[in-house]
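Colleague: This is the structure I have questions about; it appears just below.
The values are calculated or read from the model by the stated rules, or taken from the named source; none is laboratory data. The model shown is predicted, which means the values in this text are computed figures rather than measured ones. Using ideal geometry, Cβ is built from the backbone for each residue, glycine included, and neighbour counts are taken over all protein chains shown.
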Amino acid sequence: MDFAEKIAALAQRIAKQKDSVVTEEATKNAFVMPFLSALGYDVFDPHVVVPEFTADVGVKKGEKVDYAIKLDGKVVMLVECKPCKGELCSQHMSQLYRYFSVTEARFGILTNGVVYWFYSDLDEANKMDAKPFFEFDMLNFRPAQLDELKKFSVGSFDVESILETASDLKYGSLLMREIANEIDTPSEEVMRLFIGRVYDGKLTANVLAKFGPLVQKAMKDTIRELVNQRLSSALDDTAKTALPAAASAEGKPDQCPPGDAADQDSNTGDLDSVVTTEEEAEGYQIVRAIVREAVKVDRVKMRDAKSYCAILLDDNNRKPICRLHFNRTAKYIGLFNDDKTEERVRIDSLDDIFAHAARLKATALSYDAASRDKHKAQELSPA
């Protein structure tokens, strides 16, 4: 597997196991060590990954940081771990902060196995910054973030290259967070800015109170509209032919996708009665937009049926990416485990599909990985 596939596979594993991993030690074994391994570090070589790394810090003797990562015999990164059940906070970085100044490492990582905060000394030399310059969430990442993460892998690690973009990453992410906060809860400063551009009267407290909810709704509606426009623009060419073929594809002789007997029975019958709803079509487009980061978008097809809408890789029922169960009051998305058993997760809106992006991409990638493994096995087997 290449780097993206390794991270996607680990993300899928974390999504399934995180509720069962409770302690810090379990977090290290289940999530952190596989993460370091995905970056190319040999976690079983103490000359590369040093567990319980010890150094004397001032008057404190024998303090330990969870891992020190070495390249060419030099410590390049320090890793401090916390249980995956807890949220990361600035108080957790105290040990990293102390160690940073007494080692040659230029990077510190604080993690709970799901979220990784990367620190350096951008503000003051040899003194770890108070805020991370890069954050990576295993369950919610963008392709650009994956490119940045790869810079920390064994084959790509270069201190100067990382530091060249570290400042832009740091302040870019902070600005994105502030913008997200303003969209969620606009500050008075932002409300005054926008209201003042459309309202000619005096901006009294009553005016702000009246327009405040309108500003908040307008900002969210604008973001939603921009996302929809981008999805429509990116997928319009392939969507034109995908929907008409969906119903007829149901009659193909492929094996039915895994599921319970009730689902299988409810999907037989008159194909003319199958109607693709607007929500199913939009959900299909969202899934395509997500997995196009992992596979070519024209490989992602839809087969609608009476009780669910199946989204498949290569139009193959043996390669289900997910199912959309929208033909009922409550909406569910069916996600698939390694053994292709379906796990139904309730969603309140179509936007909730994005919360499962990492798992959807990992599922799509897993079929290609399985095909490659099968092909290699055939090549190695005796004639």
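Colleague: Suppose we filter VAL287, VAL295 for residues that are in a loop (DSSP other than H, G, I, E, B) and either touching a strand residue (DSSP E or B) at 6+ places or on another chain (Cβ under 7 Å) or not assigned by TED's automatic domain parsing to the domain that holds ALA364 (or both); which single one remains? Give the derivation first.
Modeller: Working: VAL287 fails: in a loop (DSSP other than H, G, I, E, B).
After ruling out the rest, the residue left standing is VAL295.
Colleague: Turning to a different aspect of this structure: When both residues are 6+ apart or on different chains and their Cβ atoms are under 7 Å apart, which pairs have a first residue that lies in segment 149-176 and is in contact (Cβ under 8 Å) with a residue 40 or more places away in the chain and more than 15 Å from PRO132 (Cα to Cα), and a second that is surrounded by 13 or more Cβ atoms within 10 Å (Cβ to Cβ) and small (Gly, Ala, Ser)?
Modeller: LYS150/SER156; SER153/GLY40; VAL154/GLY40; GLY155/GLY40
Colleague: Across segment 159-214, what is the total count of residues that are over 21 Å from LEU226 (Cα atoms), in a helix (DSSP H, G or I), of a type outside the set (A, V, I, L, M, F, W, C) and touching a Phe, Trp or Tyr at 6+ places or on another chain (Cβ under 8 Å)?
Modeller: Summing the residues that are over 21 Å from LEU226 (Cα atoms), in a helix (DSSP H, G or I), of a type outside the set (A, V, I, L, M, F, W, C) and touching a Phe, Trp or Tyr at 6+ places or on another chain (Cβ under 8 Å) in segment 159-214 gives 2.
Colleague: In segment 99-119, which residue that is without any contact (Cβ under 8 Å) to a residue 40 or more places away in the chain, of a type outside the set (A, V, I, L, M, F, W, C) and in a strand (DSSP E or B) is surrounded by the most Cβ atoms within 10 Å (Cβ to Cβ)?
Modeller: TYR119
Colleague: Could you please tell me which pairs satisfy a Cβ distance under 7 Å, a separation of 6+ or placement on different chains, a first residue in segment 319-339 that is among the polar types (S, T, N, Q), and a second residue that is assigned to a strand (DSSP E or B)?
Modeller: Hits for this filter: ASN337/GLU343.
Colleague: Considering only segment 163-187, how many residues are surrounded by 11 or more Cβ atoms within 10 Å (Cβ to Cβ) and in contact with a helix residue (DSSP H, G or I) (Cβ under 9 Å, 6 or more places away or on another chain)?
Modeller: Count: 6.
Colleague: Exactly one of (1) surrounded by 19 or more Cβ atoms within 10 Å (Cβ to Cβ); (2) more than 27 Å from VAL32 (Cβ to Cβ); (3) at pLDDT below 85 is unmet by LEU96. Its number?
Modeller: Here LEU96 meets the rest and fails (2).
Colleague: Of the residues LEU88, LEU122, which single one is part of a loop (DSSP other than H, G, I, E, B), crowded, with 16+ Cβ neighbours inside 10 Å and in contact (Cβ under 8 Å) with a residue 40 or more places away in the chain? First the steps, then the outcome.
Modeller: Details: LEU88 fails: in contact (Cβ under 8 Å) with a residue 40 or more places away in the chain.
It is LEU122.
Colleague: Hey, among LYS150, LYS127, which residue is modelled with pLDDT under 90 and assigned by TED's automatic domain parsing to the domain that holds SER90? Even if it seems obvious, please write down each step before you answer.
Modeller: Details: LYS150 fails: modelled with pLDDT under 90.
Selected residue: LYS127, the only one of LYS150, LYS127 that is modelled with pLDDT under 90 and assigned by TED's automatic domain parsing to the domain that holds SER90.
Colleague: Let me ask something additional. Which residue pairs have Cβ atoms closer than 9 Å, lie 6 or more positions apart in sequence or on different chains, and pair a first residue in segment 219-240 that is closer than 27 Å to ASP184 by Cα and surrounded by 13 or more Cβ atoms within 10 Å (Cβ to Cβ) with a second residue that is charged (D, E, K, R) and modelled with pLDDT under 55?
Modeller: none
Colleague: Being surrounded by 12 or more Cβ atoms within 10 Å (Cβ to Cβ) and in the same structural domain as SER37 (by TED's automatic domain parsing) is true for just one of PHE133, PHE194, PHE211. Which residue is that?
Modeller: Numbers: PHE194 fails: in the same structural domain as SER37 (by TED's automatic domain parsing); PHE211 fails: in the same structural domain as SER37 (by TED's automatic domain parsing).
Selected residue: PHE133, the only one of PHE133, PHE194, PHE211 that is surrounded by 12 or more Cβ atoms within 10 Å (Cβ to Cβ) and in the same structural domain as SER37 (by TED's automatic domain parsing).
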